Amino acid sequence: MSFVQPIVLSDHGIRLEPLTLSHEAGLSEAAADGELWNLRITSVPAPDETRAYIQTALAMREAAERFAFAVIDEASGNVLGSTSYHDILPAVKRVEIGYTWYAQRMQRSHVNTTCKLLMMGHAFDTLGCRTVGWRTDNFNFASQQAIERLGARKDGVIRGHALRRDGTIRDTVMYSMTAGEWPEAKAQLLYRRARHA
């Protein structure tokens, strides 16, 4: 049995449900809001790559390497983006959260905070994770700031770590949070979301 099992998580008008091919059209529309696939520091699929993006995520789920969610607005049913657990290490009770992107109109809203609260809460409180990690491109400063706002700590930089979509090699900035840090981070995120509302 896989460490991360299929589950639907919801709160504050946002629902995370296991990504399937039924989300293809909605995911393509979300990516089109801002033409996010043109950003060299993300892995957002272009419209004609959406099906392959989902199929890759499903193959990684089958291999217990990644569990991708569609991010859904509960009021409209619209797909807002996607996020995943990945680099799942059951033996040390560690997951990373990544492959995260949202339609441009949803960026800098309550959506990311809500998604992270749901995923961190499930990881720490249900799965019993000791550590949750994040990684991002060294030039993705917005992502680094968003991860730091969660309360995660910067672990360091892995140089020459991965290929970008344009073929250049990136350095990867690594972050993590431990189970002992989660209660204070959760309280701060709930406070910030309430003020944002």
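The values are calculated or read from the model by the stated rules, or taken from the named source; none is laboratory data. Note that the structure is predicted; figures quoted are calculated from it, not measured. Note that each Cβ is placed from the backbone with ideal geometry, even for glycine, and that neighbours are counted across all protein chains shown. Ligands, DNA and RNA are excluded from the accessible area calculation, which covers all protein heavy atoms including side chains. Shrake-Rupley method; radii C 1.70, N 1.55, O 1.52, S 1.80 Å.
Points worth noting:
- Residue ID - most open to solvent (accessible area, probe 1.4 Å), chosen from residues in region 55-87 that are touching a strand residue (DSSP E or B) at 6+ places or on another chain (Cβ under 7 Å) and farther than 26 Å from residue 29 by Cα: 65
- Number of residues in region 127-185 that are over 22 Å from residue 89 (Cβ atoms), among the basic types (Lys, Arg) and buried (at least 19 other Cβ atoms within 10 Å of the Cβ): the value is 1.
- For region 54-77, a tally of residues being at pLDDT below 95 and hydroxyl-bearing (Ser, Thr, Tyr) returns 0.
- Check on residue 109, open to solvent by 10 Å² or more (accessible area, probe 1.4 Å), in contact with a His (Cβ under 9 Å, 6 or more places away or on another chain) and more than 21 Å from residue 175 (Cβ to Cβ): yes
- Residue selection: residue 103 fails the criterion of being touching a His at 6+ places or on another chain (Cβ under 9 Å) and more than 27 Å from residue 178 (Cβ to Cβ).
- The residue that is farthest from residue 25 (Cα to Cα), among those in region 88-146 that are of a type in the set (Phe, Trp, Tyr) and under 15 Å from the mean Cα position of the chain (by Cα), is 134.
- Residues being of a type in the set (Val, Ile, Thr) and open to solvent by less than 10 Å² (accessible area, probe 1.4 Å) - total across region 88-105: 2
- Restricting region 99-111 to residues that are over 12 Å from residue 192 (Cα atoms) and not hydrophobic (A, V, I, L, M, F, W, C) leaves a set whose member that is modelled with the lowest pLDDT is 108.
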